[in-house]
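The values are calculated or read from the model by the stated rules, or taken from the named source; none is laboratory data. Predicted, not measured: the structure shown is a model, and the values here were computed from it. Cβ coordinates were reconstructed from backbone atoms using ideal geometry, including for glycine residues, and neighbour counts include every protein chain displayed.
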Amino acid sequence: MSAVREQVEHLREIHACLDPATGTSAQRQNQFAALVARLAASDDPSCLHMAKTMTAFEPGLFSGGDADLPIDNLDLERAFRLPKGHERRIHGHAHAGVRIVQHGPTLLLTLDAHTRHPEPFPAEDLIPWRHANAPEAQLQSMRRRRVMRLARSAKKRSRLLADLELRYRLAT
C-alpha cells in the first residue's frame, strides 16, 4: 500500500509541473527535468517507467511557452468542438474530416471568432490581417496531402511519378 501512496505522490508532483497555474513555463520545465532525473535515479521499476514516459513526452510539453493554449487533450477537444460542429452543419457530413487537422492553425481561429467577438467584424478590424500568411507547417501539410492524393489516383499517378522524376533530375 505504501508503494501506491508513493506513486500517487509522484503523479501529484508531475501534475504540478504541468499545471500552468503553478508557475511560468521555464520554471515548470526545470521542475519537470529535476523530477525526471530523480525518478530515473530510483531503483523502483514504476519510477523508471514514469521517467521514461516523461522523457518521451517532454519535447512537446512546454513548446507553447506561457501562451494561452489548451493544457490537455480534453481542453484541446473542447477547443475544436465548435468548428467541428460548424463544419458538419455546413457540409452535412458526420465528421469534419481532415480539413480541420490540415487547416487547423488558421481555420480554428476563424471558425471560433464568433465566440469571442459576437458582433460582425468591421473592415478596419480586419485590415491588419489582409496580408497574413499561413504557418509553414500548415503549408507543408497541404503540399503532402496534394502529393498523396495524386499518388492514390490510378489515372494521375503516372503524371506524379514523371513530375517527381523530373524534379529529382533537376535537383542533381
Give segment 113-124 a look and list any residue that's surrounded by fewer than 11 Cβ atoms within 10 Å (Cβ to Cβ), part of a helix (DSSP H, G or I) and not hydroxyl-bearing (Ser, Thr, Tyr), or say none.
Arg116, Ala123, Glu124
Of these, Leu61, Leu82, Leu111, Leu107, which one is modelled with pLDDT of 65 or more and closer than 25 Å to Pro20 by Cα?
Leu61
If the Cβ limit is 7 Å and pairs must be 6+ apart or interchain, which residue in segment 122-151 that is in the same structural domain as Pro105 (by TED's automatic domain parsing) pairs with which residue that is surrounded by 11 or more Cβ atoms within 10 Å (Cβ to Cβ) and not in a helix (DSSP H, G or I)?
Leu150/Lys156
Does segment 148-164 contain any residue that is surrounded by 11 or more Cβ atoms within 10 Å (Cβ to Cβ), acidic (Asp, Glu) and modelled with pLDDT under 85?
no
